[in-house]
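To keep things clear, I will list the structure first and then write my remarks on it.
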Amino acid sequence: MVVLSKPAIEQLSCIRNSKPTALFSGIPTIDLAKPDSKHLLVKACEEFGFFKVVNHGVPMEFISKLESKAVKFFSLPLSEKEKAGPPDPFGYGNKRIGKNGDVGWVEYLLFTINQESISKKFFSVLGCNPDEFRCILNDYILAVKRMACEILEMMADGLRIQPRNVFSKLLMNEQSDSVFRLNHYPPCQDKEIQELNANNVIGFGEHTDPQIISVLRSNNTSGLQISLGDGNWISVPPDQNSFFINVGDSLQVLTNGRFRSVRHRVLANSMRSRVSMIYFGGPPLSEKIAPLSSIMKGEESLYKEFTWFEYKRSAYNLRLADNRLGYFERIAAS
C-alpha cells in the first residue's frame, strides 16, 4: 500500500475540470503481420501519437514471468521494498515522481537497461537468484526492444525515408540511453480519498514521454488515458495481451512535428491493482536531435537542434505537465 501524507492526499484527491470518461473503442489497433501496417502506423502517429499492436512477436512467457516477479515485489511491506534502493535516479520509489513536486498514487522500480546493481538489490530483497531475474528481465527487454525497432523501421518505410533504420539505429546503439520502468498502482481505498471520488485520483500525472518511443504493457486493469487534440481525455481499454506504443518528444522533433508526442496520464482504480511495464527507447546522450531533412522536404524546421543530454537536462528540471519541448521550439526562440 502506498502511504501518503495529508498534503499529498489533497493533491491526488481530484482532477480539476475532469469528468469520468467511458472506455474509448477508437484506439488504432495495428497488426504487425499485415502488409499495410506501415501506412497505418504513420496515420496513427499523425492523428493520435498512440496505438496498440497485435501479433507483436513477444512471447507471452516472457511477459508473465516478469509480471509475476513484479507483483511479488510490490506485495512486500514498504520497509522491504525500500531495501531495493532509493530512486536516485534509479531504484525503488513511491508517491513522489521526479524531484519537482509531482506526486501520484504509484510506486515503481526504475532501471537503466544495462544496470546490474539494482537488479541484484531487487532480487536480494525477494531472496531470488539475481542471475535468474537478470535473465527474465533481459529476455523481456530484448524482445520488446526488437519489436520497437521493427516498428520504427516500418514507420520509416511508411514515411518513405532512407535509410530505414534512421530511427531504430538510435535504440540499437550501444550507448543508447534507454530505461525500463515497472509501475504499480495499488487499489485506492483510503477513506479520505473515497469521499472525494476515488475514480478521479491521479496515479501518474499528465505528461509526454521525452524519449523516441515508449512500449507499454499492463495487466487487465483500466486507468490509462490519452489526450486528444481538442484537449479531451479518453480512457484506453486494458488489454494484457497487446502492447501500447507512445510517440515520444524526440520522435516528434525528428519528424518535424508530423508525428505528435501523446499526452497521457493514469488514474488510480478504487478496487483493482494496476501493474505496468514500460520500455523507454532513448538515443545516446551525445546524439543530436533535429528534424530530418528527408522529412522536411523544403519546410522550415520547427525546432532548434539539441543533444539528447541537453534536452534531458532541461526536461527533468520541469514538472510533469510542462511543455518539455517549449525551450527548443523555434517560435519560442524568436
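The values are calculated or read from the model by the stated rules, or taken from the named source; none is laboratory data. In this text the structure is predicted, and so the values were computed from the model without any measurement. Backbone-built Cβ (ideal geometry, glycine too); neighbour counts: all protein chains shown. For accessibility, only protein heavy atoms count, side chains too; no ligands or nucleic acids. Shrake-Rupley method; radii C 1.70, N 1.55, O 1.52, S 1.80 Å.
List of remarks:
- Leading residue by the ranking (farthest from Ile97 (Cα to Cα)) among those in segment 237-251 that are modelled with pLDDT under 95 and of a type outside the set (Asp, Glu): Asn241
- Qualifying residue in segment 19-41 (condition: modelled with pLDDT of 95 or more, under 20 Å from Gly223 (Cα atoms) and open to solvent by 70 Å² or more (accessible area, probe 1.4 Å)): yes
- Filtering Val201, Val215 for residues that are modelled with pLDDT under 95 and surrounded by 23 or more Cβ atoms within 10 Å (Cβ to Cβ) leaves a single hit, Val201.
- Arg265 satisfies every condition listed in (1) open to solvent by less than 20 Å² (accessible area, probe 1.4 Å); (2) among the charged types (D, E, K, R); (3) in a loop (DSSP other than H, G, I, E, B) except (3).
- Summed over segment 271-326, residues that are touching a residue at least 60 places away in the same chain (Cβ under 8 Å), assigned to a loop (DSSP other than H, G, I, E, B), open to solvent by 40 Å² or more (accessible area, probe 1.4 Å) and charged (D, E, K, R) total 3.
- Any chance Phe259 is part of a strand (DSSP E or B), in contact (Cβ under 8 Å) with a residue 40 or more places away in the chain and within 30 Å of Asn219 (Cα to Cα): no
- Residue pairs meeting the criteria (Cβ under 7 Å; at least 6 apart or on separate chains; first small (Gly, Ala, Ser), in segment 148-162; second outside any helix (DSSP H, G or I) and buried (at least 21 other Cβ atoms within 10 Å of the Cβ)): Ala148/Ile213; Ala148/Val215; Ala148/Tyr279; Ala148/Gly281; Ala156/Phe167
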